[in-house]
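Trainee: First the structure, which I've put down as structure tokens, then a few questions once you've had a look.
The values are calculated or read from the model by the stated rules, or taken from the named source; none is laboratory data. From a predicted model like this one, the values you see are computed outputs, not experimental measurements. Here Cβ is always computed from backbone atoms with ideal geometry, including for glycine, and neighbour counts include all displayed protein chains. Ligands, DNA and RNA are stripped out before the accessible areas are found, and what is left, the full protein with its side chains, is counted by its heavy atoms. Shrake-Rupley method; radii C 1.70, N 1.55, O 1.52, S 1.80 Å.
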Amino acid sequence: MGWAALVYVIATLALAYPVLSGQFLVNPSSDQYIAGFAFRDFAAQALRAGQGIPQWNPYLYGGLPYVAAMHGDIFYPTALLRMVLPTDVAMTLGFVIHLFVAGLFTYGFLRAWGLGFYPSLVGGLAYMLSGPIASYASPGHDGKLFVSALLPLALWVLIRGIRDGRDWAWGAFALVVGLAVIAPHPQILQYLLLTSGSFALYLALGTDAAGVKLDRRVAMRRLALALGAVLIGMAIGAIQFAPVREYVPWSPRSGGRDYAYATSFSFPIVELVNLYLPQFTGILDRYWGPNGIHLHSEYIGGTVLMLAGAAFGGESRRSFRRFWVGVGVIAFLWMLGGNTPFFRLVYELVPGTKFFRAPSTIIYVFALAVSVLAALGTERILACQVPRRYAFAWLGFGLVVALLATSGVVTSIAESTARSTGESLVAARGIDPQYASQVGDQYAQRANANAAEVILGAWRSFLFVALAAGALLAYLRGAVTTRVFGLALAAIVATDLWTIARQYWLFSPPARALYASDPAIELLKRESQPGRVLVAARSDSGLAHPDPYFGTDGQGRGTGLMVHGIRSLTGYHGNELGRYQTIEEARLPSGAPALVTPMFWRQENARYLYTNQPVGDTALKLMIGPVKNSAGSTVYLYRLPGDNPYAWVATAMTKAPDQDVQAAVLDPRFDPRRIAVLDTAAPIQLPPVAALPEPLPLTTTTSNYAPGHATMTLSGPAPAGSALVVSENYFPGWRATVDGKDTPTYRADYNLIGVPLAAGARTIELTFRDAAIATGKTITMVALFLALAALAAGLVLDRRRARLA
């Protein structure tokens, strides 16, 4: 294990060495750059200040629960690194550590099954450096990497528990599942559980490496223990998923999504070529394929595929090989998603699938299956069970691909495919068909511009296949020893995969430079009253590069202002409160988007515009600009028209259906100071309103504003029957005290917080506490205790049994 660990350390550092000079593993197109850093630094700052994990994020989309809406690895052990290290350093180490353990755990799993050192070493390298694993760093998908790294560990522990009868394994398996749950990435977790469950059934009902089958009663008992461990492991994640369960009806994903959504980001059939020739559809900015986002790699490796093919034949480990072929086939069909009828069965039968998209993400299971087969193929080669003609066949295949690429045939295929891809996208998006030919030509031009990369890539793949084939032939002739061949094969596989993976490990300067303040931000930070910012780049100018404030598209879909404690109307999240999303994306009868209307600004406490071009509208007051922000973008800060306070007093209250309320708050004739419109389900009796009352001459001042807390003071005593409306999204958990007395809160004006006021009320304090977090914490602590107790008890029992033996 020690020598293998050293190899995996070297392989990891070959990609991660810039971290030694303080660079941040993030690139301007990644989720970490646009959102992940802000999410994690927000909690890190709170933890360092002794405030605990925040429960409310006020900085995006009108506010949303921090835990329930999911903001990354809140409870995963990597979060502890952010208490003692800068957030960007800790995030980078999270990727580095899990890339390393992905290889080490795969090695341990294969060794536990009985494979030798070199096959296991090769299998671990094949998995950890494969495109589906190593390229997670590029889009910033740390949660996917965490769970992917835990999958081989789960399988390793299952071998010890079900096959070997080790009692400690059940507590350990519960802990592994618990870690996967709180990673958190529910979709990748689903694949881990399905793969682990299938392997558990195989272990219990099939034969082991020696061809021995478990007694049926023993098998059933151990399967029951494995299931119990899964349940305890799922319960360990309650602190994260109890709030999530509460939140689902409030989120945009309430009720699941349709089949079109579930099959979006299916693995395109054309990209299957990338498994061997990763340059075919273009790497990163050269990409021309059908996916709108392609920051990852599908490269499995020519040498790995060659070794995986060598696994077939002979009776040795036949059952194990068949299992992993089956896993690979199912994962392969699953990742193709809507491209085959198979996924319709998955969509209808597999729980949870209707809440997810991107079935292509199961490719990590396919990568593990291929890596296991590569280890088995290496074992057969070491046993001299693979004929020489196999090496020549791969040499021929690699040479043919390289010659076809050089002659332009591969590029011609790419151009034709790219043209049809562009035309199909026009049709799928309902764009005027007259543009189909134009878009198709653009895609074909991009494919043609990638021709040189395809040629070089084909010869690169051939080079590594030739090296592996040469080593194989030398070994079969007896020209090299087993040790030399094993090490050479591991080096060839690692170098082959590294030459592609390194392109996805993109580093940037430290976060203190990426998210540095600017004069406009400093001006916003000095404002005494809370106010949200509309962040948008002008469409006629766009952005020359992604920006943590403007986002990748210039439409305000970035979270950089959150780093500075400034609230934005939009941001980058994907699981914001559904009501806010509905009203933000609404359009007025005139066709104007609600987001840029004074009515929406009034509703959502919008007071500023942060943009990159001067605005000619005289209703907007220039506060500062032009200045440069940390990304180099030109910035202007404007004051939006209207007072648009954080809270106001409405003279009276009434109830109305949601559709009427949504229309009303976006109607310029609606005056929210006259009447607060509550949810029809609000358990409060209200007198009928015969006529709209006049606004009250009351103003509010907000103090002690913090995430999940605010104090509002009225300029005078409130009359009976009035209500305070607060421009923060309503969600169960908001509690109010009025002059020190507990007072219920209700949903008001479609998505805001409403607080009924008694006669004479002057001071209102709001606090957010999600009861589901407390419940989940209790369940988590109990489950964690059970898992640790089972682990400790199992170790004692195993040691006692060993002594008696």
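Trainee: Could you tell me whether I492 is under 30 Å from T12 (Cβ atoms), in contact with a Pro (Cβ under 6 Å, 6 or more places away or on another chain) and crowded, with 22+ Cβ neighbours inside 10 Å?
Mentor: No: the conditions fail for I492.
Trainee: Given the criterion small (G, A, S), open to solvent by less than 30 Å² (accessible area, probe 1.4 Å), closer than 30 Å to A513 by Cα and modelled with pLDDT under 95, identify the matching residue among A606, A631.
Mentor: A631
Trainee: Within region 525-541, can one find any residue that is assigned to a helix (DSSP H, G or I) and open to solvent by less than 20 Å² (accessible area, probe 1.4 Å)?
Mentor: No, that holds for no residue.
Trainee: Please pick out the residue among A516, A537, A490 that is in contact (Cβ under 8 Å) with a residue 60 or more places away in the chain, more than 27 Å from V26 (Cβ to Cβ) and out of contact with any Asp or Glu (no Cβ under 6 Å at 6 or more places or on another chain).
Mentor: Only one candidate qualifies: A490.
Results for (1) free of Cβ contacts under 8 Å to residues at least 12 places away in the same chain; (2) closer than 24 Å to R318 by Cα; (3) crowded, with 19+ Cβ neighbours inside 10 Å, shown as yes or no for each residue.
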position	(1), (2), (3)
A174	no, no, yes
A183	no, no, yes
Q190	no, no, yes
A200	no, yes, yes
L203	no, yes, yes
T207	no, yes, no
R221	yes, no, no
I236	no, no, yes
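Trainee: To continue, here is another question. Which condition does W288 not pass, out of (1) assigned to a loop (DSSP other than H, G, I, E, B); (2) more than 18 Å from P132 (Cα to Cα); (3) open to solvent by 10 Å² or more (accessible area, probe 1.4 Å); (4) in contact with a Phe, Trp or Tyr (Cβ under 9 Å, 6 or more places away or on another chain), if it passes all the others?
Mentor: All conditions are met except number (3).
Trainee: Among (1) outside any loop (DSSP other than H, G, I, E, B); (2) closer than 30 Å to I232 by Cα; (3) not small (G, A, S), which single condition is F731 missing?
Mentor: F731 satisfies all of (1) outside any loop (DSSP other than H, G, I, E, B); (2) closer than 30 Å to I232 by Cα; (3) not small (G, A, S) except (1).
Trainee: Kindly list the number of the only condition in (1) open to solvent by less than 40 Å² (accessible area, probe 1.4 Å); (2) within 39 Å of the chain's Cα centre (by Cα) that fails for I624.
Mentor: Every condition holds for I624 apart from (1).
Trainee: On to the next question. Give me a count of the residues in region 92-138 that are open to solvent by 10 Å² or more (accessible area, probe 1.4 Å) and over 19 Å from W3 (Cα atoms).
Mentor: 2
Trainee: Looking only at residues in region 1-23 that are outside any helix (DSSP H, G or I) and under 17 Å from T92 (Cβ atoms), which one is modelled with the lowest pLDDT?
Mentor: Looking at the filtered set, the residue picked out is G22.
Trainee: Checking L333 against (1) without any contact (Cβ under 8 Å) to a residue 24 or more places away in the chain; (2) more than 26 Å from Q445 (Cβ to Cβ); (3) open to solvent by 60 Å² or more (accessible area, probe 1.4 Å), which single condition isn't satisfied?
Mentor: (3)
Trainee: hydroxyl-bearing (S, T, Y), buried (at least 21 other Cβ atoms within 10 Å of the Cβ) and more than 16 Å from I74 (Cβ to Cβ): is that true of Y17 in this structure?
Mentor: No: the conditions fail for Y17.
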